Amino acid sequence: MRDGQPSLSAQRVAAYRLGADRLAAPYGDPAAEDALALDVAGDTPGEPSELMSRYLRARTSFFDRAVVNALDRGVTQIVLIGAGYDGRALRYAKPGVSWWEVDHPDTQADKRARLERLGIAGSHVTFVPHDLEAGGLADSLAPSFFYCEGVAVYLSRPALATLLAALRSLATPGTRLAISLSLRPSSAAAQDRRERLRAALAALGEPISTPLSGPDLADLFTRSRWRPVEISERSQRAGLVLAAPA
């Protein structure tokens, strides 16, 4: 992202989510998240991509399920790493549950200004302005359910390793981490789609990192002491991983 400006890719994700089917829950305020997304979408340039739309629908569904499952099993603190304009703290607000949103200061400032202008309350959310490339995240957080959607793909390999280690240092036996990763495609068609996505994001000034191979991913998780939890093969192919402390 460009210095002094909010993330354009985060804005586009919010705009795309307006057309996604969302997991319902007997708590929260879906209309508040929709209002935020509509506000962001009105300022988002560019034409929609069907390829990106399909991917984000699948990714949104994965993280919705992970969050609701965590809340339904009694988790009382949710930490979102690289929050962007994610509105799950609104959509799935639940009495007694606190949310922490970690993001780059420029994007977070824009999001908070929009929430204030729209009159959307967020007293249950603690905002943590933090550049993930700088490290030191463990000093700001406490054990909880973590989810990291759409941000790991932008981190350098050392920064990603540091992030996973920091989150692991806070984890308890019941902690879970949901994360989306950039994995090396297994087919020529998938490689072509990945290269088109890489070019589009680079044009926004937000290039994604080098994709991880299977052995790279296994080594990264082993060194940071996380272990993937059994999930569907489709989710794994899309780089959507649920992990527990090893």
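The values are calculated or read from the model by the stated rules, or taken from the named source; none is laboratory data. A quick note: this is a predicted structure, and the numbers were derived from the prediction, not measured. We place every Cβ from the backbone using ideal geometry, glycine too, and count neighbours over all the protein chains shown. Surface areas here come from the heavy atoms of the whole protein model, side chains and all, with no ligands, DNA or RNA. Shrake-Rupley method; radii C 1.70, N 1.55, O 1.52, S 1.80 Å.
Here are some notes:
- The peptide list 98-110, 77-89, 226-238, put in order of mean Cβ contacts within 10 Å with the highest first, becomes 77-89, 98-110, 226-238.
- Considering helices alone, the calculated mean residue ellipticity of the chain at 222 nm is -14000 deg cm²/dmol, with DSSP H runs of length four and up weighted by -39500 (n - 2.57) and normalised per residue.
- Taking the three principal axes of the alpha carbon atoms in the range 58-106, the coordinate ranges are 33, 27, 14 Å, sorted in descending order.
- Dipole magnitude for the chain: computed about the Cα centre from +1 point charges on Lys and Arg Cβ and -1 point charges on Asp and Glu Cβ, it is near 700 debye.
- Under the criterion of Cα pairs below 8 Å and six or more residues apart, the relative contact order for the range 149-243 equals 39 percent.
- Dimensionless Rg over Rh [the range 1-99; C-alpha; Kirkwood]: 0.97
- Taking only the Cα atoms of the range 150-246, the radius of gyration and Dmax are 13.9, 42 Å.
- Dipole orientation for the chain: of the candidates 115, 28, 145, 145 has the Cα lying most toward the positive pole (charges on Cβ; Lys, Arg +1; Asp, Glu -1).
- Overall dimensions of the chain, expressed as equivalent-ellipsoid semi-axes from the Cα gyration tensor (√(5λ), whole Å, largest first), are 24, 23, 18.
- Helical segments meeting 24 Å axial Cα length and Kyte-Doolittle -1.0 threshold in the chain (DSSP H): 50-72
- Mean separation of Cα contacts under 8 Å (6+ apart) over length of the chain, as relative contact order %: 19 percent
- Ordering 182, 99, 159 by the projection of their Cα atoms onto the charge dipole of the chain, which places +1 on the Cβ of Lys and Arg and -1 on the Cβ of Asp and Glu, puts 182 at the extreme positive end.
- Cα gyration tensor, the range 12-53 - rounded (a/c under 1.5), prolate or oblate: oblate
- Each Lys and Arg Cβ is given +1 and each Asp and Glu Cβ -1; about its Cα centre, the range 23-134 then shows a dipole of about 480 debye.
- Think of a 1.4 Å ball rolled over the protein heavy atoms: the range 20-110 then has 41 Å² of accessible area per residue.
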